[in-house]
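The values are calculated or read from the model by the stated rules, or taken from the named source; none is laboratory data. As the structure is a computational prediction, the values presented were derived from the model and not from experiment. A quick note on method: Cβ atoms are made from the backbone with ideal geometry, for glycine too, and the neighbour counts reach across all protein chains shown. What goes into the accessible areas is simple: the full protein's heavy atoms, side chains included, and nothing from ligands, DNA or RNA. Shrake-Rupley method; radii C 1.70, N 1.55, O 1.52, S 1.80 Å.
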Amino acid sequence: MIRFENVTKRYRGTKRPALAGVDFEVQRGEFVFLVGASGSGKSSCLRLILREDVPTTGRVAVLGRDLRSLANRKVPYFRRHIGSVFQDFRLLSSKTVFQNVAFTLQVTGSSRGFVQQAVPEALALVGLEGKEKRMPHELSGGEQQRVAIARALVNRPQVLLADEPTGNLDPATSVDIMQLLARINAGGTTVLMATHEAAFVDQMQRRVIELKNGEMVRDETHGGYGDRSMIPQLAPEQERGAAATAALTAVQEVQRQTESLQPLTADMIASMKAARDAQPPAEPATPRTHPVLLPEVDVAELGVADRLGLSAADDDEEVGPTS
Ligand SMILES: Nc1ncnc2c1ncn2[C@@H]1O[C@H](COP(=O)(O)OP(=O)(O)OP(=O)(O)O)[C@@H](O)[C@H]1O
């Protein structure tokens, strides 16, 4: 369904390639996490799949098509089969929820009847019934991302690409969005998601492809996030040797009170300072974790998804048979 064959991407004016010799294949119906530090090449991969860019060397094939040989005029038709969602939602601020979802269908020439049927179905799938007339600024972040997902799905794509879809959302809303993506995948849509959300990757135990400096360093069927050392963490400012300092102050107080009996010597104070400085550093804070309670998915219940073509092949003459 998506195949990278020895793909290298070198941007103009850069020394190091953004992607170097990347090789992988994603099968129909898979849910794949693309992980790696900032700048490791995740978004570059997604851009190549969407044919927003082309590899410097190597080959990218999507839905049975070699994207090198895809004529520019056919790119919009090709993209109908690939839904995409991003961290920043990318909604049209002057259009209602309905109009945002309908827009993609209208620009690709869908009939009015199809728009009137498909848009409410897509909004129902993401749980936004009744909010068709709202403007984006009248929605929460999670609801805006749901509109973006409905828009991505309304064309009945076979593949959904998600670039940090929970990056702007609070933990509880992020869990909702992950559950939605898992449900969409259970309905048959292939999902490829670039993320830094270590907890989701660890808990969902799906396939994980990891990039490091543009190279693929891991491809695991049921993987976790892996190395978190590149995830920046805020730890509370540590008071170095606070306990030892308090003890020294207390001893000095006692010493002042009993000065006439037993003066504290300079050597004693120096050895206590040395003990304070030798305090071990505090443990780093553990990264935040969001428990993901994935629902039992009854695919048969996803009647709307079926009607949207999410559980069935939807090939047409523009895109050939898929792997
Ligand atoms: N248009 C561009 N021109 C030049 N260099 C680019 C361009 N786009 C990306 N790069 C570089 O390519 C490398 C990979 O970038 P990419 O955006 O794919 O990484 P990423 O893993 O998605 O990062 P992040 O997690 O921060 O989104 C980086 O070094 C980046 O600076």
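Here are some notes:
- Whichever residue in the range 136-162 is open to solvent by less than 30 Å² (accessible area, probe 1.4 Å) and in contact with a Phe, Trp or Tyr (Cβ under 6 Å, 6 or more places away or on another chain) and, among such residues, is modelled with the highest pLDDT: ALA148
Residues are listed down the side, and each one gets a yes or a no for (1) modelled with pLDDT under 95; (2) more than 18 Å from VAL191 (Cβ to Cβ); (3) in contact with a Phe, Trp or Tyr (Cβ under 7 Å, 6 or more places away or on another chain):
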{"residue": "PHE86", "(1), (2), (3)": "yes, no, no"}
{"residue": "LEU91", "(1), (2), (3)": "no, yes, no"}
{"residue": "VAL101", "(1), (2), (3)": "no, yes, no"}
{"residue": "VAL107", "(1), (2), (3)": "yes, yes, no"}
{"residue": "GLU129", "(1), (2), (3)": "yes, yes, no"}
{"residue": "ARG134", "(1), (2), (3)": "no, yes, no"}
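- The single condition among (1) open to solvent by 40 Å² or more (accessible area, probe 1.4 Å); (2) within 21 Å of LEU181 (Cβ to Cβ) that GLN106 does not satisfy is (2).
- Scan of the range 163-186 for residues that are within 16 Å of the ligand (Cβ to nearest atom), open to solvent by 10 Å² or more (accessible area, probe 1.4 Å) and assigned to a loop (DSSP other than H, G, I, E, B), ordered by number: GLU164, GLY167, ASN168
- Candidates are the residues of the range 200-224 that are in contact (Cβ under 8 Å) with a residue 60 or more places away in the chain, in a loop (DSSP other than H, G, I, E, B) and over 10 Å from GLY36 (Cβ atoms); the one that is least open to solvent (accessible area, probe 1.4 Å) is GLY223.
- Apart from one condition, LEU46 fits all of (1) open to solvent by 60 Å² or more (accessible area, probe 1.4 Å); (2) within 9 Å of the ligand (Cβ to nearest atom); (3) of a type outside the set (Ser, Thr, Tyr); the exception is (1).
- Across the range 29-37, a minimum of one residue is classified as more than 10 Å from the ligand (Cβ to nearest atom) and charged (D, E, K, R).
- Reported count of residues in the range 91-103, each being open to solvent by 50 Å² or more (accessible area, probe 1.4 Å) and of a type outside the set (Lys, Arg), is 5.
- Pairs, first at positive phi in the range 43-66, second of a type in the set (Ser, Thr, Tyr) and within 13 Å of the ligand (Cβ to nearest atom), C-beta under 6 Å, six or more apart: GLY58/THR8
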